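The values are calculated or read from the model by the stated rules, or taken from the named source; none is laboratory data. Computed from a predicted structure; not experimentally measured. Every residue, glycine as well, gets a Cβ built from its backbone with ideal geometry; the counts of neighbours run over all protein chains shown.
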Amino acid sequence: MIITLGGVTADQIEDMRHALGIDGRYKKPYRNHYYTESDDKGWNDLVDRGLAKKGGGWEEGMCYFKVSIDGVRLLYKKKLTQKMIEDLRLESVLPKANDSTESA
């Protein structure tokens, strides 16, 4: 049986935790990036759900994914503080106030 959280698989949760640096020794997030193939199915599903954002990479076919504010909320199930938003650089994944389209 595959356990999910809001339709997100355990592997996706693990990847999101890894992106935030809370997959091992650290209990508090200290980063927000995951570098992998740009066509990664799990991460692209998270992007489609609004739980992650996709950015450019250094190599062809590769990219950075970042956990979005909604993704962090899903993991933590609590209100995010301004300090947490700043520490994780989540403001960089927020849509611009005057931007009606989302960009990668």
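Any chance you could count how many residues in the stretch 39-74 are in a loop (DSSP other than H, G, I, E, B), surrounded by fewer than 18 Cβ atoms within 10 Å (Cβ to Cβ) and either at pLDDT below 90 or of a type in the set (Ser, Thr, Tyr) (or both)?
Qualifying residue count for the region: 3.
Which members of the stretch 55-75 meet the condition of being farther than 19 Å from VAL8 by Cβ, aromatic (Phe, Trp, Tyr) and in contact with a strand residue (DSSP E or B) (Cβ under 6 Å, 6 or more places away or on another chain)?
Within the stretch 55-75, just TYR64 meets the criteria.
Tell me, yes or no, whether the stretch 10-28 has at least one residue that is among the polar types (S, T, N, Q), closer than 14 Å to VAL72 by Cβ and either touching a residue at least 24 places away in the same chain (Cβ under 8 Å) or loosely packed, with under 12 Cβ neighbours inside 10 Å (or both).
yes
Quick one: in the stretch 75-104, of everything that is part of a helix (DSSP H, G or I) and among the aliphatic types (A, V, I, L, M), which residue is modelled with the highest pLDDT?
The residue in question is LEU75.
Taking the stretch 45-76, which residues are touching a Ser or Thr at 6+ places or on another chain (Cβ under 8 Å) and under 21 Å from GLY7 (Cβ atoms)?
Result: GLY50, LEU51, ALA52, LYS53, LYS54, PHE65, LYS66.
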